[in-house]
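Novice: Structure provided below as structure tokens; questions to follow.
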Amino acid sequence: MLIGKVIGNVWATRKNEDLNGCKLMIVDPMQYAGHTRQYPIVAVDQIGAGVGETVLVVSGSSARISVGEGKQPIDHVIVGVVDQVDLAGADEQDSK
């Protein structure tokens, strides 16, 4: 899992038909010590998150099985909106 901020939407009129009805969002992963991902990801939004919200994202098979029958070509799914992040020795603003 990762924590990130929703920074935009993706609109695709042509896509795999298994993705019809899926809302696609761009998520910028939270940066903190030891975190290696440095680029935004596209995630299916299952909870109605909005731009600017901090979200919890699952990846891989956990993402795929959380949507429909688990056969869609999905790598990342937004599964929660984060209320607060506490890091030892830093607050959320310092961790970005």
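We did not get these values from a lab; they are worked out from the coordinates using the rules stated. On a predicted model such as this, the values are computed, not experimentally measured, just so you know. As a convention, Cβ positions derive from the backbone with ideal geometry for all residues, glycine included, and neighbour counts pool all protein chains shown.
Novice: When the chain is fully extended, how far beyond the present Cα-Cα distance does Gln31 get from Asp75, taking 0.36 nm per residue of separation? Please list the in-between numbers first.
Specialist: On the way: separation 44, 0.36 × 44 = 15.84 nm, distance 2.00 nm.
Working it through step by step, the gained length comes to 13.8 nm.
Novice: Shifting gears a bit: Select from Ile41, Ile65, Ile74 the residue whose mean-square fluctuation is largest in a Gaussian network model of the chain (Cα-Cα springs shorter than 10 Å).
Specialist: Ile65
Novice: Sum up the charges of everything whose Cβ sits under 13 Å from the Cβ of Val58, counting Lys and Arg as +1 and Asp and Glu as -1, but leave Val58 out. Working shown, then result.
Specialist: On the way: positive: Arg64; negative: Asp45, Asp75.
That sum, taken over residues with Cβ under 13 Å, equals -1.
Novice: Give the relative contact order (percent, whole number) for the chain; include only Cα pairs under 8 Å separated by 6+ residues. Numbers along the way, then the final one.
Specialist: Details: 183 pairs, mean separation 28.0, N = 96.
Value for the chain: 29 percent.
Novice: Also: Between rounded, prolate and oblate, where does region 18-62 land on the alpha carbon gyration tensor, with a ≥ b ≥ c its root eigenvalues, rounded for a/c under 1.5, else prolate if a/b exceeds b/c?
Specialist: On the way: a/c = 2.30, a/b = 1.62, b/c = 1.42.
Verdict is prolate for region 18-62.
Novice: Can you check what the net charge comes to around Met25, using other residues whose Cβ is under 12 Å from the Cβ of Met25 (Lys, Arg +1; Asp, Glu -1)?
Specialist: Every neighbour counted, the sum reads -1.
Novice: Still on this structure, please answer the following. When all alpha-carbon pairs of the chain are counted, what percent fall beyond 21 Å? Mind dumping the intermediate values first?
Specialist: Details: 1469 of 4560 pairs.
In whole percent, the long-distance tail amounts to 32.
Novice: Which FRET efficiency value, to the nearest 0.05, do you get for Ser62 and Lys15 by plugging their Cβ-Cβ distance into 1/(1 + (r/R0)^6) with R0 = 22 Å? Intermediate values should be presented prior to the final figure.
Specialist: Working: r = 22 Å, r/R0 = 0.98.
Between Ser62 and Lys15 the formula returns 0.55.
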